[in-house]
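Structure first, commentary second.
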Amino acid sequence: MSTIQTIAGELEPHPDVALVERVRAGDVTAYDALVRKYDRQIFRIAQHITQNREDAEDVMQDAFLKAYEKLDQFQGNSKFYTWLVRIAVNESLMRLRKRRTGKMISIDEDVETEEGSVPRDLADWAPDPEQNYNQSELAEILRKTIQGLPQGFRVVFVLRDVEGLSTEETADMLSLSIPAVKSRLLRARLQLRERLSRYFRRKKGAEK
Amino acid sequence: MTCTEFLALLDDLIDDSVTPEVRAQLQQHLHGCEHCEVTLNTTRKTIEIYRSHEIYDLPPGLRERLHAAIMARCKKGC
């Protein structure tokens with residue numbers, strides 16, 4: 001069974017491959033399809049890294065234009081999405097450097113490297129805690145909470161847990177070692193969990 | 001297994017990358033430790049909430065501006 005799956009996987013190329021081929025052959029509408037497929041993710045990543053809406057808009061635009069111009073450099077053996085994310089991450093970090101002129105920006109800043117300690121907050125959460133808030137309240141809580149994370153933790157959490165990249169891809173993209181990505185991911189998850197507990201913990205007595 | 005040892009393997013457990021032997025040890029610890037059970041469940045929930053909620057909407061008009069920029073670039077030679 002696993003052999004059949006492997007063979008099928010090899011024979012069936014990712015749908016992006018066909019789109020990329022069409023763009024290379026001069027069909028710009030195929031590029032529109034790629035943009036519409038990934039623009040939300042690229043904007044989201046840029047917003048998480050730059051923490052600035054104007055910068056995120058510029059990064060998204062520049063990343064897609066750059067990818068379009070450099071499409072002949074794209075190797076079919078990596079995923080188009082991963083390749084695009086790499087461009088967007090680089091553009092975002094460059095944008096940060098511009099904003100903080102003279103100050104070196106690296107993904108290493110503000111990060112302690114010791115292992116995660118046992119969480120202090122023992123409180124369990126209410127069942128489906130997000131239902132105690134409306135959509136915009138919840139979005140605000142989630143934004144505020146993740147914005148409070150150190151940059152180096154936030155980027156790793158976003159790439160790994162929100163965008164679903166692998167540990168190896170994340171390490172490669174951020175020029176970090178695999179143990180560094182793992183340690184940051186654990187600390188990011190635990191810090192977010194602890195901060196969200198403020199809003200989601202089970203209340204004594206009444207549900208809300 | 002201590003809580004610190006459990007925590008060191010928390011991510012591997014969440015990402016489902018532990019061997020059956022290690023998983024059994026982690027499960028055994030969980031049975032007797034409410035603290036770690038709460039940590040595991042709420043950490044899983046944290047990831048799930050961030051995965052399933054869009055917290056940054058695409059600004060209106062951005063897609064159209066990008067489309068126009070690509071078409072302008074294309075005129076110089078696709």
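Bear in mind that the values in this text are calculations on the coordinates, not laboratory data. The shown structure was predicted, so the numbers you read here are calculated from the model rather than taken from an experiment. Virtual Cβ from ideal backbone geometry, glycine too; neighbours counted across all protein chains shown.
Order of A:Tyr68, A:Tyr31 from fewest to most other C-beta atoms within 10 Å?
Working: A:Tyr68 18, A:Tyr31 23.
Listing A:Tyr68, A:Tyr31 from fewest to most nearby Cβ atoms yields A:Tyr68, A:Tyr31.
By how many degrees, between 0 and 90 and to the nearest 10, does the Cα long axis of helix B:20-32 differ from the longest principal axis of chain B?
Its long axis makes an angle of about 70 degrees.
Just how many pairs of Lys in the protein assembly as shown have C-alpha atoms closer than 20 Å, counting pairs that are eight or more places apart or on different chains?
Lysine pairs, 8 or more places apart or on different chains, close enough: 14.
Any idea what diffusion coefficient the protein assembly as shown gets from Stokes-Einstein, in µm²/s, Kirkwood Rh on alpha carbon pairs, 37 °C, 0.692 mPa s? Let's see the in-between values first.
On the way: Rh = 21.0 Å.
Calculated translational D: 156 µm²/s.
How far is helix B:62-75 tilted off the main Cα axis of chain B, in degrees rounded to 10, range 0 to 90?
50
Return the sequence-ordered ³J(HN,Hα) values of region A:145-162 in whole Hz as given by the Karplus equation 6.51 cos²θ - 1.76 cosθ + 1.60 applied to θ = phi - 60°, using x for Gly and Pro.
Taking θ as phi minus 60°, the curve returns 5, 6, 5, x, 6, x, 3, x, 7, 4, 5, 5, 4, 5, 5, 6, 8, 8 Hz for region A:145-162.
Using modelled backbone amide H atoms (1.01 Å from N, in-plane), which distant-in-sequence or interchain residues come within less than 5 Å of A:Trp125's amide H?
A:Arg202
Fewest Cβ neighbours within 10 Å first, please rank A:Arg154, A:Arg24 accordingly. The partial results should precede the final answer.
Working: A:Arg154 22, A:Arg24 14.
Taking fewest neighbouring Cβ atoms as first place, the list is A:Arg24, A:Arg154.
Using the Karplus equation 6.51 cos²θ - 1.76 cosθ + 1.60 (θ = phi - 60°), what ³J(HN,Hα) coupling, rounded to whole Hz, does each residue of region A:176-182 give in order, writing x for Gly and Pro?
Working through the residues one at a time gives 10, 7, 5, x, 5, 4, 4 Hz.
So if I take the centroid of the Cα atoms in region A:126-177 and the same for region B:1-29, what is the distance between those two points in Å?
22
If I take R0 = 45 Å and measure r between the Cβ atoms of A:Lys37 and B:Arg23 in this structure, what FRET efficiency does the formula 1/(1 + (r/R0)^6) give, to the nearest 0.05?
Values: r = 36 Å, r/R0 = 0.80.
My answer for the efficiency is 0.80.
Just tell me how shielded A:34-47 is by partners: mean number of partner chain Cβ atoms within 10 Å of each residue's Cβ, no decimals.
Values: counts 0, 4, 3, 0, 0, 5, 5, 0, 2, 7, 5, 1, 1, 5.
Partner-chain Cβ atoms within 10 Å, mean over residues of A:34-47: 3.
Over chain B, with a Gaussian network built from C-alpha contacts below 10 Å, which listed residue (B:Leu13, B:Leu66, B:Leu26) shows the highest mean-square fluctuation?
B:Leu66
Say each of A:Asp72 and A:Ile178 gets a label point 7 Å from the Cα, pointing the same way as Cα to Cβ; how far apart are those two points in nm?
Computed distance between label sites A:Asp72 and A:Ile178 equals 3.6 nm.
With 10 angstrom as the radius, rank A:Lys203, A:Lys182, A:Lys37 by how many other C-beta atoms surround their C-beta, starting from the fewest. Write down the numbers at each step before the final one.
Numbers: A:Lys203 12, A:Lys182 19, A:Lys37 15.
Least to most surrounded, the residues fall as A:Lys203, A:Lys37, A:Lys182.
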